[in-house]
Amino acid sequence: MGISPLIVIKINDTIDVMDEISAFIYTIFEEIKKLTSMRLEMLERIVLSDNPDRELEYLSRFTSGNQITRTKNNHAEAVAKIIHILKDDGKYDAILVLTDQYLDVYRNYPEAAIHLFHHELCHIHEFSLTDEVLYHFNRKNIELIDQNFLPLATMAWSEYFANRMSSSTVGEENIKWCVEVFSGYLSNVQQDILEWKYLYRIHQISLDEFLHVHFLPYTKGIFLSAAYLIGYCHGIGVELKELSPDMFTLLSSHIFCDIYFQMEQILKQMFESHPHDWDDNAYGLLYDVVVDLYFRFGISFKLVDGDKVWVNVF
């Protein structure tokens, strides 16, 4: 329905509250459209729900991938999710799902709520621009071995882009939350991975549980939270040591340090060439960093017999 999306409120609250949050969302949507030149044509619907996981389960029926999930762990919980649905005409619709926690942010930190919404619109803008130059790439099946690396590279780029492009509305609370999430991952990652490896080696957990319940979600969290933070630094034009001296000190002696600074350089290069100089190898350097990330934490993947992935835990 173009750039005047239907706003659907699915929360157990009074009519007045639902009207208030609906008006807030619509107002900031219209203001952001006026002040920017973002490509938002594919935005079809905005849903605020107090059962976002059920919404995502329902929307998963219309996508070709696995069950759509959102980040929800000890370090972070996503308050929003963009879902892209490929239509019969080969074009995408975008649906923005907001959780009821977004309502809490709106009530307590209205400026932060504006920025969170701005960030999500930047995801749609990025996808629209990228899809024009990577039309066939975005519609082909991912090779088996690449399924372990490419999605994380594309997500990290998207989070970086969205934060960099929405940095004009970022406030202290948004940056504080971002730093806290990244710090939480950094502080615990090495010990946690060692413990999961030990449990796997003594057969207390299966390889599938080690990978899909523990290792991959955790490495996804640290990689995306780094991309998030780098996006803010580049967007507002400050170095990490200025933005958060404590975070810089923690990172400087961490196994993730080299990964972070590789990401900084690569994401900056990707942004400067986006979208017109992009091709099917656009994510290649970031893909290599994901491979390196897993290797540093003691995991490697290898394709065997063309249709099997061998996992080495070392």
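The values are calculated or read from the model by the stated rules, or taken from the named source; none is laboratory data. Fair warning: this is a prediction, and the values are worked out from it, not measured in the lab. Ideal geometry is used to build each Cβ from the backbone, glycine not excepted, and the neighbour counts take in all protein chains shown.
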### Message
As an exercise: evaluate residue 23 against (1) modelled with pLDDT of 90 or more; (2) of a type in the set (A, V, I, L, M, F, W, C); (3) more than 22 Å from residue 138 (Cα to Cα); (4) surrounded by 14 or more Cβ atoms within 10 Å (Cβ to Cβ) and give the number of the one condition it does not meet.
### Response
(4)
### Task
Identify all residues within the range 201-223 that are among the hydroxyl-bearing types (Ser, Thr, Tyr) and surrounded by 19 or more Cβ atoms within 10 Å (Cβ to Cβ); write none if there are none.
218, 219
### Task
Check the range 205-221 and report whether any residue there is within 21 Å of residue 174 (Cα to Cα) and either not charged (D, E, K, R) or not in a helix (DSSP H, G or I) (or both).
yes
### Message
Please list, ordered by residue number, the helices (runs of 4 or more DSSP H) wholly in the range 58-167 having 3 or more residues that are surrounded by 21 or more Cβ atoms within 10 Å (Cβ to Cβ) and not assigned by TED's automatic domain parsing to the domain that holds residue 35.
### Response
150-165
### Query
Within the range 184-204, can one find any residue that is of a type in the set (S, T, N, Q), within 19 Å of the chain's Cα centre (by Cα), in a helix (DSSP H, G or I) and within 26 Å of residue 260 (Cα to Cα)?
no
### Message
Residue under question is residue 29, and the condition is that it be touching a Leu at 6+ places or on another chain (Cβ under 8 Å), outside any strand (DSSP E or B), under 21 Å from residue 124 (Cα atoms) and among the aromatic types (Phe, Trp, Tyr); does it hold?
### Response
yes
### Query
Does residue 198 meet the test of being of a type in the set (Phe, Trp, Tyr) and touching a residue at least 60 places away in the same chain (Cβ under 8 Å)?
no
### Query
If you check 71, 36, 14, which single one turns out to be modelled with pLDDT under 90 and under 15 Å from residue 123 (Cβ atoms)?
71
## Note on the structure
Going through (1) in a loop (DSSP other than H, G, I, E, B); (2) in contact (Cβ under 8 Å) with a residue 40 or more places away in the chain one by one, residue 12 fails only at (2)
